[in-house]
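Asks: If you scroll down you'll find the structure; I have some questions about it.
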Amino acid sequence: MKPVIVIHGGAWAIPDDLAQGSKIGVKNAAKCGYSVLVRGGSSLQAVESAVKMLEDDKHFDAGHGAVLNADGDVELDAIIMDGKKLATGAVSSIKNISNPISLARTILEKANCTMLTGKGANSFAEKMNIATVPRDELVTENAIHEWEQYQKYKQTVTHLFNTEKAHDTVGAVALDSDGNLSCATSTGGITNKMVGRVGDSPIIGCGGYADNFVGAASTTGHGESIMKVTLARRVLFHMEQGETPREAADHALDYMKNKVHGRGGVIVVSKTGDWTARFTTKRMAWASIRNGVLTYGLNPGENIYESVD
């Protein structure tokens, strides 16, 4: 089986001043994950490595680029899933952790549960010797400025959820040379969100899903809408009915748009290595590598090709 990796950096109205940085970020993450795969590494290792790179890139709303909640604090969510056994690890509302996706994987491998949240997740991280960082290390000047604007104009969470201007999630899906599929998704949420609010990202079947018999998907967009339609699992359901990844993604996104007026995006890879990156927002940064060819884009219909050999 030839390995494949697909990355997204969030589906939203990415402004021009972040466009180039977002493209570079997803390209680098794809190359990072693909290098794991071509060395014989697992799809689980590949998606974790790729998402860690995005969490460390301040262009994205995850880890070091996370936005602030209503109290001006950082609360992070993440999920990682192994399609071989449907093993999953997830965290929600955690603080002071620079790479939530690695904590999620530690839960997958070493905890006797699937998800940990808040103080419990941070306590587990301490027991596993996962380093913590000061809040300020995770906060960018842009995040502070954006939060201050929402405080100044008293914009509500409801208003935020009904726009395409909110920052969003990062994610990865991969197929390794052994035919195993994995997905990973990580987010800082939405600026000025309620304290303790959890979106779709860490929820199985919503923010991500992986099954070796079908495919893997990672989603991005309006979390409440994604949860209502279990977007990631819906994509795989359509694939089980014989649809291609692109057809399945389009049908699932259209259903979410028509049913609950939600917009977003999804990256998908099938058990045979077919892949797609689809979105209904203004822009989504994405990148994929298959057969040594890097494909990436940002705008609707944009496909740019580069060789990675």
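Asks: For the range 38-49, give me each residue that is surrounded by 23 or more Cβ atoms within 10 Å (Cβ to Cβ) and not β-branched (Val, Ile, Thr). Spell out how you get there, then give the answer.
Replies: Initially, the range 38-49 is screened for residues surrounded by 23 or more Cβ atoms within 10 Å (Cβ to Cβ), giving 43-44, 46-49.
Ser43, Leu44, Ala46, Glu48, Ser49 - these are the residues of the range 38-49 that are surrounded by 23 or more Cβ atoms within 10 Å (Cβ to Cβ) and not β-branched (Val, Ile, Thr).
Asks: Further question: Only one residue in Gly83, Gly40 is farther than 23 Å from Met284 by Cα, in contact (Cβ under 8 Å) with a residue 24 or more places away in the chain, in contact with a Leu (Cβ under 6 Å, 6 or more places away or on another chain) and not acidic (Asp, Glu), so which one is that? Walk me through how you get there before you give the answer.
Replies: Numbers: Gly40 fails: in contact with a Leu (Cβ under 6 Å, 6 or more places away or on another chain).
One residue alone meets the criteria, Gly83.
Asks: Please go through the range 167-191 and give me each residue that is β-branched (Val, Ile, Thr), crowded, with 24+ Cβ neighbours inside 10 Å and either in a strand (DSSP E or B) or out of contact with any Gly (no Cβ under 9 Å at 6 or more places or on another chain) (or both), ordered by number.
Replies: Val170, Val173, Thr185, Thr187
Asks: While we're looking at this one, here's another question. Looking at Thr272, Thr295 in this structure, which one is assigned to a strand (DSSP E or B) and either among the hydroxyl-bearing types (Ser, Thr, Tyr) or under 23 Å from Ser186 (Cβ atoms) (or both)? Write out each step before concluding.
Replies: Details: Thr272 fails: assigned to a strand (DSSP E or B).
None of the other options fit; the residue is Thr295.
Asks: In addition: Identify the single condition in (1) touching a Lys or Arg at 6+ places or on another chain (Cβ under 6 Å); (2) in contact (Cβ under 8 Å) with a residue 40 or more places away in the chain; (3) of a type in the set (Gly, Ala, Ser) that Ala232 does not satisfy, given that it satisfies every other one.
Replies: So the condition that Ala232 fails would be (1).
Asks: Follow-up. Residue check: is Ala217 surrounded by 23 or more Cβ atoms within 10 Å (Cβ to Cβ), over 16 Å from the mean Cα position of the chain (by Cα) and among the hydrophobic types (A, V, I, L, M, F, W, C)?
Replies: Working: surrounded by 23 or more Cβ atoms within 10 Å (Cβ to Cβ): yes; over 16 Å from the mean Cα position of the chain (by Cα): no; among the hydrophobic types (A, V, I, L, M, F, W, C): yes.
Criteria not met by Ala217.
Quick note: the coordinates plus some simple rules give every number you see, no bench work behind them. Just so it is clear, the structure is predicted and the values come from calculations on it, not from any experiment. Quick reminder, even Gly has a Cβ in these numbers, built from the backbone with ideal geometry, and neighbours come from all protein chains shown.
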